[in-house]
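J.: Take this structure, written in structure tokens, and hold onto it; I'll ask about it next.
The values are calculated or read from the model by the stated rules, or taken from the named source; none is laboratory data. Remember, predicted model here, so these are calculated numbers, not experimental data. No Cβ is skipped: glycine too gets one built from the backbone with ideal geometry, and neighbour counts run over all protein chains shown. When the accessible area is computed, the model is the full protein with side chains, heavy atoms only, and any ligands, DNA or RNA have been set aside. Shrake-Rupley method; radii C 1.70, N 1.55, O 1.52, S 1.80 Å.
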Amino acid sequence: MTAQDSATPGSTIAAGPAAGAHPGGPAANGPASPGPAGVAHPAGPLLPAAGRSGTLLALLGVVTFSLTSPSTAWGLESFGPWSLVALRSLLAAALSGGLLLAARVRVPAREHWAGLAVVAGGVVVGFPLLTTLALQTSTTSHAAVVVGLLPLTTAVFSSVRTGARPPRAFWIAALAGAAVVIVFTLLQSDGTVSAGDLFLFAALLVCAAGYTEGGRLAKVMPGWQVTGWALILTLPLSVAGAALALPFEPVRLTAHGVIGLVWVSAVSTFFGLYVWYRGMAEIGVARASQLQLAQPLLTLFWSFFLLGEDIAAAAPVAAVAVLVCIAVTQRAGAGRPPRR
């Protein structure tokens with residue numbers, strides 16, 4: 001892989017990020033850094049061009065992800081849950097593999113395959129499968145609020161992975177957001193945790209791990225290659241899953257079902273992850289993860305206008321509460337420099 005393959009313009013894989021740099025660390029969110037002749041350049045609210053483009057790319061990823069649950073609900077009109085997940089990964093892998101071959105991309109170095117396996121297991125297989133199973137018993141609006149905890153979960157994984165030390169206010173807001181989500185799920189399920197909620201909480205964990213590793217890898221290879229190689233890793237599993245599930249799960253092709261499958265395959269799984277990882281590479285995992293605070297509200301909007309779901313009064317209230325809590329975490333700071 002050459003310097004031109006790097007996701008960060010003007011850098012090479014050999015050099016990588018600055019020594020000690022990490023997602024959410026000084027490179028992304030840190031204090032002022034001295035410039036030439038000791039002149040300080042304050043880290044004010046105006047982002048440099050790279051930061052603005054990274055934010056826009058990450059926001060575009062959030063918009064595509066906000067449509068994943070409604071698209072999955074449409075896909076379930078035509079396919080069973082196991083068939084839908086297998087076909088989703090299979091079609092996305094075919095698209096990614098074709099682009100990798102056309103671009104003659106070199107196979108990643110050995111040290112990157114463990115991280116790619118985490119991305120594959122968490123984002124390509126784990127999250128789609130667990131959320132699809134959850135939607136068998138949960139509405140998309142309910143799932144949207146639970147998944148609103150994902151930014152906090154990702155920030156925690158990023159902190160553990162990089163050694164960052166967020167301030168106390170960050171963790172207070174994070175715990176408050178977690179409490180809101182737990183209370184909401186209990187109220188919606190008559191005081192008990194349903195199987196759908198267990199699937200959703202498990203999806204949060206595996207997806208946060210995949211996002212963290214994907215954001216780290218996107219600093220040394222383009223985001224579409226991170227997604228592509230992760231999908232290639234799961235290709236044998238996708239083929240086997242489709243071969244086993246399709247004969248046993250009924251297939252009733254409808255316009256909604258086909259549109260849903262195409263969206264979750266080509267847009268959510270491939271394009272969405274590409275712009276998301278590219279954005280994380282530019283602005284850091286912790287900062288990008290906080291942009292997902294808008295995702296529950298967007299999904300509530302789509303579930304109402306596309307699916308005609310009745311939105312429980314508690315759902316938008318809980319979503320806004322989560323929004324406020326995560327906004328506080330962003331204001332408090334995405335993280336401090338890691339321990340040496």
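J.: For the structure I just gave you, tell me whether VAL181 is at negative phi, among the β-branched types (Val, Ile, Thr) and either modelled with pLDDT of 85 or more or within 15 Å of the chain's Cα centre (by Cα) (or both).
T.: No, not satisfied.
J.: Moving on. Could you check the range 300-329 and list, in sequence order, the residues that are open to solvent by 70 Å² or more (accessible area, probe 1.4 Å) and of a type in the set (Phe, Trp, Tyr)?
T.: Those that are open to solvent by 70 Å² or more (accessible area, probe 1.4 Å) and of a type in the set (Phe, Trp, Tyr): PHE301, PHE304, PHE305.
J.: Moving on to the next point. Checking the conditions here, which among GLY214, GLY210, GLY148, GLY196 is under 28 Å from THR227 (Cβ atoms), out of contact with any Gly (no Cβ under 9 Å at 6 or more places or on another chain) and not polar (S, T, N, Q)?
T.: Within the list GLY214, GLY210, GLY148, GLY196, the selection yields GLY196.
J.: Shifting gears a bit: Please go through the range 132-172 and pick out each residue that is touching an Asp or Glu at 6+ places or on another chain (Cβ under 8 Å) and part of a loop (DSSP other than H, G, I, E, B).
T.: Result: SER138, THR139.
For every residue, the table says whether it meets (1) crowded, with 22+ Cβ neighbours inside 10 Å; (2) under 23 Å from VAL147 (Cα atoms); (3) under 19 Å from the mean Cα position of the chain (by Cα).
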| position | (1), (2), (3) |
| --- | --- |
| VAL63 | no, yes, yes |
| SER71 | yes, yes, yes |
| GLY80 | no, yes, no |
| LEU84 | yes, yes, no |
| ARG88 | yes, yes, yes |
| GLY98 | no, no, no |
| ARG104 | no, no, no |
| ALA109 | no, no, no |
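J.: Name the residue that is least open to solvent (accessible area, probe 1.4 Å), counting only residues in the range 244-262 that are assigned to a loop (DSSP other than H, G, I, E, B) and of a type outside the set (S, T, N, Q).
T.: Top of the filtered list is GLU249.
J.: I've got another one for you. Please work out if ARG161 is in contact (Cβ under 8 Å) with a residue 24 or more places away in the chain and farther than 23 Å from SER268 by Cα.
T.: So ARG161 passes the test.
J.: Moving to a separate point now. Here is a check on your reading of the model: is ALA73 in contact (Cβ under 8 Å) with a residue 12 or more places away in the chain, assigned to a helix (DSSP H, G or I) and under 18 Å from TYR277 (Cβ atoms)?
T.: Answer is no for this residue.
J.: So, PHE201, is that one assigned to a helix (DSSP H, G or I) and without any contact (Cβ under 8 Å) to a residue 24 or more places away in the chain or not?
T.: When the stated conditions are applied, PHE201 does not pass them.
J.: Something else: Please verify whether THR185 is of a type in the set (Ser, Thr, Tyr) and open to solvent by less than 10 Å² (accessible area, probe 1.4 Å), treating the condition exactly as stated.
T.: Here the answer is yes, as THR185 does meet what is asked.
J.: Another question, then. SER159: farther than 29 Å from TRP82 by Cα, of a type in the set (S, T, N, Q) and open to solvent by less than 20 Å² (accessible area, probe 1.4 Å), yes or no?
T.: The answer is yes for SER159.
J.: Is it the case, given these coordinates, that VAL220 is buried (at least 23 other Cβ atoms within 10 Å of the Cβ), under 17 Å from THR131 (Cβ atoms), in contact with a helix residue (DSSP H, G or I) (Cβ under 9 Å, 6 or more places away or on another chain) and at pLDDT below 90?
T.: no
J.: So which residues in the range 80-115 are in a helix (DSSP H, G or I) and more than 24 Å from ALA243 (Cβ to Cβ), if there are any at all?
T.: Scanning the range 80-115 gives LEU99, ALA102, ARG110, GLU111, HIS112, TRP113, ALA114, GLY115.
J.: Of all residues being more than 19 Å from PHE184 (Cβ to Cβ) and open to solvent by less than 30 Å² (accessible area, probe 1.4 Å) in the range 145-156, which is modelled with the lowest pLDDT? Just the residue, please.
T.: Looking at residues that are more than 19 Å from PHE184 (Cβ to Cβ) and open to solvent by less than 30 Å² (accessible area, probe 1.4 Å), I get ALA155.
J.: Another one. I'd like to verify a number: residues in the range 274-324 that are more than 19 Å from the chain's Cα centre (by Cα) and closer than 27 Å to SER158 by Cβ, how many?
T.: Going through the range 274-324 one residue at a time, the tally reaches 4.
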